[in-house]
2 protein chains.
Amino acid sequence: MAFSFTVVKKDSSSAARLGRIVTAHGDVETPAFMPVGTQASVKAMSPRDLEEIGCQILLGNTYHAYLRPGIEVIRELGGLHRFMGWKKPILTDSGGYQVFSLGALRKITEEGVQFQSHLDGSSHLLTPEKVVEIQEDLGSDIAMVLDECIPHPSSRDYTRSSTLRTIRWAERSLKARAKTDGAFFAIVQGGMYEDLRLECARELTGLPFDGYAAGGLGVGEGEASLRAMGEFTAGLLPKDRPRYLMGVGRPEDLVFAVRAGYDLFDCVLPTRNARNGTLFTAAGKMNIRRAEYASDGRPPDESCACYCCRNFSRAYLRHLHQAGEILAAHLMTLHNLAFYHRLMESLRNAIREDKFQDSEFRIQNSESGS
Amino acid sequence: MAFSFTVVKKDSSSAARLGRIVTAHGDVETPAFMPVGTQASVKAMSPRDLEEIGCQILLGNTYHAYLRPGIEVIRELGGLHRFMGWKKPILTDSGGYQVFSLGALRKITEEGVQFQSHLDGSSHLLTPEKVVEIQEDLGSDIAMVLDECIPHPSSRDYTRSSTLRTIRWAERSLKARAKTDGAFFAIVQGGMYEDLRLECARELTGLPFDGYAAGGLGVGEGEASLRAMGEFTAGLLPKDRPRYLMGVGRPEDLVFAVRAGYDLFDCVLPTRNARNGTLFTAAGKMNIRRAEYASDGRPPDESCACYCCRNFSRAYLRHLHQAGEILAAHLMTLHNLAFYHRLMESLRNAIREDKFQDSEFRIQNSESGS
């Protein structure tokens with residue numbers, strides 16, 4: 001079995017920990033951020049760009065790969081790693097989040113989720129078993145169970161019945177596994193109800209999963225609830241397995257979540273914001289569309305050593321963005337991902353040097369001026 | 001004076017020659033192809049991508065830079081090289097081609113061209129003098145005179161009066177120069193009329209320009225006329241100055257034009273085709289959208305060593321293109337430009353080794369199957 005997880009060092013002041021995940025495609029030092037490769041590509045990035053900024057592991061979207069180009073093509077061509085030219089680890093989601101986002105286009109039953117493709121309207125059924133098979137075909141290093149990401153707000157009754165189904169699906173998923181060389185993570189749901197989170201965690205941690213995710217957070221519940229429920233859920237998860245906070249989030253959320261004991265993260269924020277002209281910098285968020293940058297010769301983030309900041313000015317990036325040039329998306333994505341990865345590295349170093357409590361990480365959420 | 005041009009070797013079988021252009025931003029070994037940086041960016045390429053595939057010199061569009069972000073911004077930020085992060089030579093066009101393409105939005109007088117911006121409808125006047133000043137502000141290594149790119153077909157009367165005006169504009173342009181550290185090229189017009197080409201070339205070569213371009217070709221006159229008039233015009237130009245065939249063209253056109261004695265080329269074909277899903281390969285053009293490539297694991301061009309061909313399959317590129325991923329444009333542009341630059345390198349090597357006549361260059365224009 002290729003997969004393992006070791007806690008290398010525990011922070012003395014919080015639940016933060018430095019860890020190491022070993023996979024067939026290499027190691028991941030945690031806490032780690034996973035850029036999102038929605039359609040077998042992290043938007044505007046090539047694999048070598050990702051390696052350059054220190055990316056250790058990607059998230060690949062099962063739903064999108066399933067619909068286009070299709071799992072069979074990827075399997076025939078040697079799996080997702082080879083298909084997209086990425087040699088390091090890949091975590092694949094279950095497709096559940098995307099399917100549940102389809103709203104009226106999907107229907108949940110005990111068997112699974114029936115949905116219509118957002119591309120051509122064709123009908124599909126994703127079951128827990130099918131989702132296991134798909135991820136095995138993709139050759140993912142870490143596969144996720146099919147779950148329901150419960151919308152917020154949801155009633156206690158709905159949340160409980162959905163959470164119990166997610167548990168039953170997790171049990172079915174384990175039985176469906178044909179390969180055991182990769183890791184398999186379960187997802188704790190339970191909405192905003194602590195007792196349901198507890199029940200779900202107790203059931204799932206009684207099953208032999210290699211890691212556990214907290215799902216259904218960052219779905220509009222607000223920062224206070226996200227943090228309260230995120231921290232509560234982290235405390236329910238085994239200390240000797242990786243903990244993955246799904247879909248979160250902003251830089252300041254990552255600092256919080258590392259403190260709460262999470263090890264893995266994914267979010268489209270750095271890549272999506274880049275395409276919209278918003279940069280994460282040491283001085284806060286920077287909206288490159290602002291007129292004040294029109295002739296600003298400084299790099300976007302003066303403390304950043306990425307290719308974008310070493311070579312280009314705010315004025316140039318603003319021009320590229322205004323002109324609709326592809327290079328705008330490329331350079332700003334490169335910077336935002338470099339920012340996220342440097343943040344994670346500084347968090348790991350702080351834990352390693354036992355300075356986590358004292359570190360400020362200088363995360364500013366407000367939009368910065370010049 | 002930083003600029004110089006030396007013919008290093010003449011081909012014994014044709015007018016082809018190996019040359020060296022020296023500029024303040026480095027040398028260019030000719031014959032050379034110049035990728036087009038329309039809006040201060042070669043679409044989907046970063047400067048390091050261009051360096052990687054062997055790009056020696058870029059073409060920058062004066063018209064686009066003038067309208068957005070504006071010449072003043074670029075000048076204040078240290079010129080076009082610094083603005084776009086490109087350290088090697090840049091040739092800037094005069095903006096004339098773009099202005100004349102505006103059709104009803106422009107009006108030509110003896111003074112210059114009055115036109116309305118395609119961006120916001122604002123009115124502008126480009127004169128020969130203004131165009132010199134703009135290119136000096138941009139800091140281009142090779143500037144071009146304002147000329148009229150005569151539409152095809154045009155009457156002999158119109159062609160003659162336009163060509164005579166282009167000559168008068170060239171005389172005014174020379175007088176307007178304030179800096180002489182860069183090079184200044186004139187453009188031979190004359191439409192499809194040999195005697196007008198001859199008259200134009202005779203007048204312009206009597207003036208102290210550093211190089212000469214053939215303009216008004218590749219504008220719909222067809223391959224036979226392009227070749228006949230291109231070769232005729234090349235023969236009218238001084239042997240000791242660089243000859244630039246503007247806006248041409250296809251790989252097979254470049255082979256022809258090098259044989260005819262041209263040294264510099266620019267064309268949007270490799271970059272535009274890439275974004276449309278068409279790749280230039282040793283086996284001919286490849287339309288990556290074709291269904292036959294859906295599960296084709298081979299690299300786009302099996303004889304190519306570019307980053308795209310070393311790492312990605314036809315199936316992956318097709319998927320990226322179908323999915324509208326930015327990476328599709330990036331990887332295919334990188335390959336097409338690598339193909340063009342490798343072609344130019346092979347042409348230079350053939351001249352150097354006196355094998356130009358024997359070389360086939362394997363240019364196929366037909367669309368290739370698998």
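The values are calculated or read from the model by the stated rules, or taken from the named source; none is laboratory data. Treat the numbers as computed from the prediction; the structure is a model and nothing was measured. In this analysis, Cβ positions are derived from the backbone assuming ideal geometry, glycine residues included, and neighbour counts consider all displayed protein chains. Accessible surface areas use protein heavy atoms only, side chains included; no ligands, DNA or RNA. Shrake-Rupley method; radii C 1.70, N 1.55, O 1.52, S 1.80 Å.
Roughly how crowded by other chains is peptide A:303-309, in terms of the mean Cβ count from those chains within 10 Å of each of its Cβ atoms?
Details: counts 0, 0, 0, 0, 4, 2, 0.
Taking the mean over all residues of the peptide, I get 1.
Write down the Å³ per residue value for the convex hull defined by the alpha carbon atoms of region A:1-117.
Working: hull volume 19.3 nm³, N = 117.
Looking at region A:1-117, the number lands at 165 Å³ per residue.
Antiparallel versus total DSSP beta bridges in chain A: what percent is that, nearest 5?
Numbers: 22 of 45 bridges.
If I count the DSSP bridges inside chain A, around 50 percent turn out antiparallel.
Can you work out the base-10 log of I(q)/I(0) for region A:156-214 at q = 0.17, 0.27, 0.28 1/Å, using the Debye formula on its C-alpha atoms alone?
Values returned for q = 0.17, 0.27, 0.28 Å⁻¹ are -0.52, -1.10, -1.16.
Roll a 1.4 Å probe over the protein heavy atoms and report the accessible area of B:K107 in Å², nearest 10.
For B:K107, the solvent-accessible surface is approximately 130 Å².
Take every residue in peptide B:80-89, count the Cβ atoms of other chains within 10 Å of its Cβ, and give the average of those counts. Could the numbers behind the result be given before it?
On the way: counts 0, 0, 5, 6, 7, 9, 1, 1, 0, 0.
The shielding value for this peptide is 3.
Compute for chains A and B the buried accessible surface, both sides summed, probe 1.4 Å, and express it in Å² to the nearest 100. Kindly include the intermediate steps, with their values, before the conclusion.
Numbers: alone 15240 and 15220 Å², together 27260 Å².
Interface between A and B: roughly 3200 Å².
May I have the convex hull volume per residue, in Å³, for the Cα set of region B:244-296? Before the final figure, lay out the partial values.
Values: hull volume 3.9 nm³, N = 53.
Looking at region B:244-296, the number lands at 73 Å³ per residue.
Expressed in nm to one decimal, what extension gain is obtained for the pair A:S346 and A:S123 from 0.36 nm per residue of sequence separation less their Cα-Cα distance? Each step should come with its number before you reach the end.
Numbers: separation 223, 0.36 × 223 = 80.28 nm, distance 4.56 nm.
Separation in residues times 0.36 nm, less the Cα-Cα distance, equals 75.7 nm.
What figure, in Å² to the nearest 10, do you get for the accessible area of B:E110 with a 1.4 Å probe and non-protein molecules left out?
Accessible area, nearest 10 Å²: 90 Å².
Taking only C-alpha pairs under 8 Å that are 6+ residues apart, what is the relative contact order of region A:244-323 in percent? Each step should come with its number before you reach the end.
Numbers: 93 pairs, mean separation 17.3, N = 80.
In percent, rounded to a whole number, it is 22.
So, how do all the Cα-to-Cα distances of the protein assembly as shown break down into 20 Å bins, in percent, from 0 on up?
Taking all Cα pairs of the protein assembly as shown, the binned fractions are 16, 42, 28, 13, 1 percent.
So who's got an amide H within less than 5 Å of the one on B:V188, skipping anything under 5 residues away but keeping other chains? H placed 1.01 Å off N, in plane.
Placed amide hydrogens put B:A213, B:A214, B:G215 under 5 Å from B:V188.
What are the ³J(HN,Hα) couplings of region A:130-147, residue after residue, when phi is run through the Karplus curve with 6.51, -1.76, 1.60 and θ = phi - 60°? Round to Hz, x for glycine and proline.
4, 5, 5, 4, 4, 5, 5, 5, 5, x, 6, 7, 10, 9, 10, 6, 6, 9
For an R0 of 60 angstrom, estimate the FRET efficiency from the Cβ-Cβ distance between B:R75 and A:A228 and round to the nearest 0.05.
Details: r = 55 Å, r/R0 = 0.91.
Working from the Cβ atoms, E equals 0.65.
Take the alpha carbon atoms of region A:160-306, find their radius of gyration, then divide it by 2.2 N^0.38 Å using N residues; give the quotient. Walk me through the numbers before you get to the answer.
Numbers: Rg = 19.0 Å, N = 147, 2.2 N^0.38 = 14.7 Å.
Against the compact-globule rule of thumb, the ratio is 1.30.
Could you tell me how many degrees, from 0 to 90 and to the nearest 10, lie between the Cα long axis of helix A:156-176 and the main elongation axis, the longest principal axis, of the Cα atoms of chain A?
Here the helix axis deviates by roughly 80 degrees.
Quick check for me: using +1 on Lys/Arg Cβ and -1 on Asp/Glu Cβ, what's the dipole size of the protein assembly as shown about its Cα centre, in debye to the nearest 20?
Working: 88 positive and 92 negative charges, 23 e Å.
Value, rounded to 20: 100 debye.
If I take R0 = 25 Å and measure r between the Cβ atoms of A:S13 and A:T205 in this structure, what FRET efficiency does the formula 1/(1 + (r/R0)^6) give, to the nearest 0.05? The partial results should precede the final answer.
Values: r = 25 Å, r/R0 = 1.01.
Once the sixth-power term is evaluated, E becomes 0.50.
Given the DSSP H assignment, sum -39500 (n - 2.57) over each helix run of at least 4 residues in chain B and divide by its residue total; what's the result at 222 nm in deg cm²/dmol, nearest 500?
Working: 14 runs with 141 residues, N = 370.
Rounded to the nearest 500, it is -11000 deg cm²/dmol.
Antiparallel as a % of all DSSP beta bridges within region A:1-159, to the nearest 5?
On the way: 18 of 25 bridges.
Looking only at bridges with both residues in region A:1-159, the antiparallel portion is about 70 percent.
Quickly rank B:179-185, A:33-39 as a protection proxy: mean count of other C-beta atoms within 10 Å, highest first.
Values: B:179-185: 19.4, A:33-39: 22.4.
Descending packing order for the listed peptides: A:33-39, B:179-185.
Put +1 on the Cβ of every Lys and Arg and -1 on every Asp and Glu Cβ in region B:66-119; which of B:Q114, B:I74, B:P89 then has its Cα farthest towards the positive end of the dipole?
B:P89
So for chain B, if I pair up every lysine 8 or more residues apart or on another chain, how many of those pairs have alpha-carbons under 24 Å apart?
Final tally of qualifying lysine pairs is 15.
Need one number: % antiparallel among DSSP beta bridges in the protein assembly as shown, to the nearest 5. Intermediate results must be reported in sequence, preceding the final value.
Details: 44 of 90 bridges.
DSSP beta bridges in the protein assembly as shown are roughly 50 percent antiparallel.
Over chain A, calculate the relative contact order: mean separation of alpha carbon pairs under 8 Å at least 6 apart, over the residue count, as a percent.
Values: 740 pairs, mean separation 63.9, N = 370.
Relative contact order for chain A comes out at 17 percent.
Apply the Karplus parameterisation 6.51 cos²θ - 1.76 cosθ + 1.60, with θ equal to phi minus 60°, to every residue of region B:313-324 and state each ³J(HN,Hα) to the nearest whole Hz, in sequence, with x for glycine and proline.
9, 4, 4, 5, 4, 4, 4, 4, 5, 5, 7, x
Run the 1.4 Å probe and let me know the accessible area of A:M84, rounded to the nearest 10 Å².
10 Å²
Count the net charge of all other residues whose Cβ sits under 11 Å from the Cβ of A:I71, scoring Lys and Arg as +1 and Asp and Glu as -1. Working shown, then result.
Values: positive: A:R68, A:R75, A:K130; negative: A:E72, A:E76, A:E133, A:E136, A:D137.
Local charge sum for A:I71: -2.
Enumerate the amide H contacts of A:G37 below 5 Å, restricted to partners 5 or more residues apart or on another chain; note that Pro and chain-start residues carry no placed amide H.
A:L59, A:G60, A:N61
Assume the label is 7 Å from Cα along Cα to beta carbon: what separations in nm does A:L174 have to the matching positions in the other copies?
8.8
In angstroms, what radius of gyration and Dmax does chain A have, counting Cα atoms only?
Every Cα atom of chain A included, Rg and Dmax give 20.2, 61 Å.
So if I take the centroid of the Cα atoms in region A:56-124 and the same for region B:52-125, what is the distance between those two points in Å?
Spelled out, the Cα-based centre of one part sits 45 Å from the other.
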